[in-house]
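One structure below.
Computed from the coordinates by the stated procedures, all read-outs in this text should not be read as laboratory data. From a predicted model like this one, the values you see are computed outputs, not experimental measurements. Reconstructed Cβ throughout: ideal geometry from the backbone, glycine too, with neighbour counts over all protein chains shown.
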Amino acid sequence: MEIAAKSILKMGNPLLRETASLIEDPQSNEIRTLVDVMQVSMEAAGGVGLAAPQIGVPLRLIIFNVPGERLEKEDGVARSEIPQTILINPEIEYIGDDTALGWEGCLSVPGLRGLVPRHTHIRYRGLDLQGRLIERDAVGFHARVVQHEFDHLDGILYPERMDDLTNLVYESEIQAFTDDKCAPE
Ligand code: NI
């Protein structure tokens, strides 16, 4: 049976503000089906990550997948891809206090990009569909993607993490915005 993509809820929808619940049985058929629907929906929308609440399901489940070229572009150094990852009941631990600003977009906030401060080094863990523990250290854009998706489970969208909303811009204006910021005085 072909799986249909679900539409992604947008900022303003109250379901995006809820705290999602822990998943009791990661190996259940319901969760497997949910992951399939999320994968199809994320691909259809062209994102690198998706959280279950974004399709209206209030459960602690995120998926992400970042190609090596994208990581390299974001971090400015060679990196291998983040493989397709399914993380059930994820937890994040910050390693050190360092944070950095970086551009983020969100399928629930279409058309916009913002410069968001995030921790640069984290350790995250969660379960896969077989109930096995996944534990990884992540830096740079990888760490950013996981923090962004994790926030969706607590009803937080990236603009709420920004400390300067003048850095919230339309995608089509990023070039002009960046040129202006970098222009010599
Ligand atoms: Ni998002």
How would the chain be classified by its alpha-carbon gyration tensor: rounded, prolate or oblate, with rounded meaning a/c under 1.5 and the a/b versus b/c comparison settling the rest?
prolate
About the Cα centre, and with charges only on the beta carbon of Lys, Arg (+1) and Asp, Glu (-1), how big is the dipole of the chain? Nearest 20 debye, please.
340
Any aspartates and glutamates whose Cα falls less than 13 Å from that of Lys6, other than same-chain ones fewer than 8 residues away, would be Asp36, Glu43
What are the aspartates and glutamates whose alpha-carbon lies under 16 Å from the alpha-carbon of Lys73, with same-chain residues fewer than 8 places away excluded?
Glu81, Glu104
Cα-based shape type of the stretch 14-100, given that a ≥ b ≥ c are square roots of the gyration tensor eigenvalues and the cut on a/c is 1.5
prolate
How large is the dipole of the stretch 17-101 about the Cα centre if only Lys and Arg carry +1 and Asp and Glu carry -1, each at its Cβ, rounded to the nearest 20 debye?
240
Let me have the relative contact order for the chain, percent, based on Cα pairs under 8 Å that are six or more residues apart.
22
Roughly how many Å is it from the Cα centre of the stretch 32-83 to that of the stretch 124-166, as a whole number?
11
